[in-house]
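So the structure is just underneath, and the comments pick up after that.
The values are calculated or read from the model by the stated rules, or taken from the named source; none is laboratory data. These numbers come from a predicted model, not from an experiment. Here the Cβ is made from the backbone with ideal geometry for all residues, glycine too, and neighbour counts use every protein chain on show.
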Amino acid sequence: MIKIIPFSDNKGFVYSPFVVIVLIILCLAISLHFAEIDMIMIEGTYKEGQINRAILNMEELKSNVNTIALFASYKAISEKANGTKEELEEEINKNLNGYFKDYKAEEISTIDGNFSIYVEKLPNNYLLVKTNKTPRACMNTSELLLCSDLSVERIIDKKWIS
């Protein structure tokens, strides 16, 4: 025969101390695991930010080099208006290397080498200024080393100077 136990006689479920301790340790282990995963993700994001910042600083320097090369070219053209191609190249090299000799950007640790520029005459009174030899700029932080050549390639409109 089947005996029916009424609900009022049910004492309920009692947790033993062992089960409580195992649940607490399990919760702590899961929390520690998620904290460690978050820490790894934050470190990755921080390093990615450092790399992006270094790349942007290097690209800013390259843009500055092109602008300074343009200025050095216009200055050389205005000083040597009727000069030969070799005189123009020599003057641009002197102006460009003179500016970058003492260049100390906060982000850049070293700039090694000198510029060597050659000039090519294009149709319609244009000049193409390109580098034969470029200096190497390096950013050296404790966690990152980024080096790049500072090349120049600019088209100069000579008719605005003459």
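One table, with the values for the structure above:
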quantity	calculated
Filtered residues of the range 134-152 (kept if touching a Lys or Arg at 6+ places or on another chain (Cβ under 9 Å) and not in a loop (DSSP other than H, G, I, E, B))	ALA137, CYS147, SER148, ASP149
Search result, residues across the range 41-59 that are within 25 Å of LYS130 (Cα to Cα) and touching a residue at least 24 places away in the same chain (Cβ under 8 Å)	ILE55, ASN57, MET58
Selected residue [touching a strand residue (DSSP E or B) at 6+ places or on another chain (Cβ under 7 Å), over 24 Å from LYS47 (Cα atoms) and surrounded by 15 or more Cβ atoms within 10 Å (Cβ to Cβ)] from LEU96, LEU146	LEU96
Near pairs, Cβ below 9 angstrom, 6+ apart or cross-chain, from the range 67-82 (farther than 15 Å from GLY98 by Cβ and modelled with pLDDT of 85 or more) to any residue that is among the charged types (D, E, K, R) and not in a helix (DSSP H, G or I)	LEU70/ARG154
Where ILE37 falls short, out of the listed (1) closer than 29 Å to SER142 by Cα; (2) at pLDDT below 90	(2)
Selection from the range 74-133 of residues that are under 26 Å from LEU56 (Cα atoms) and in a strand (DSSP E or B)	THR110, ILE111, ASP112, SER116, ILE117, VAL129, LYS130, THR131, ASN132, LYS133
Failed item in (1) closer than 19 Å to GLU59 by Cα; (2) of a type outside the set (Ser, Thr, Tyr); (3) surrounded by fewer than 13 Cβ atoms within 10 Å (Cβ to Cβ), with MET139 passing the rest	(3)
For THR110: the one exception among (1) more than 20 Å from CYS147 (Cα to Cα); (2) touching a strand residue (DSSP E or B) at 6+ places or on another chain (Cβ under 9 Å)	(1)
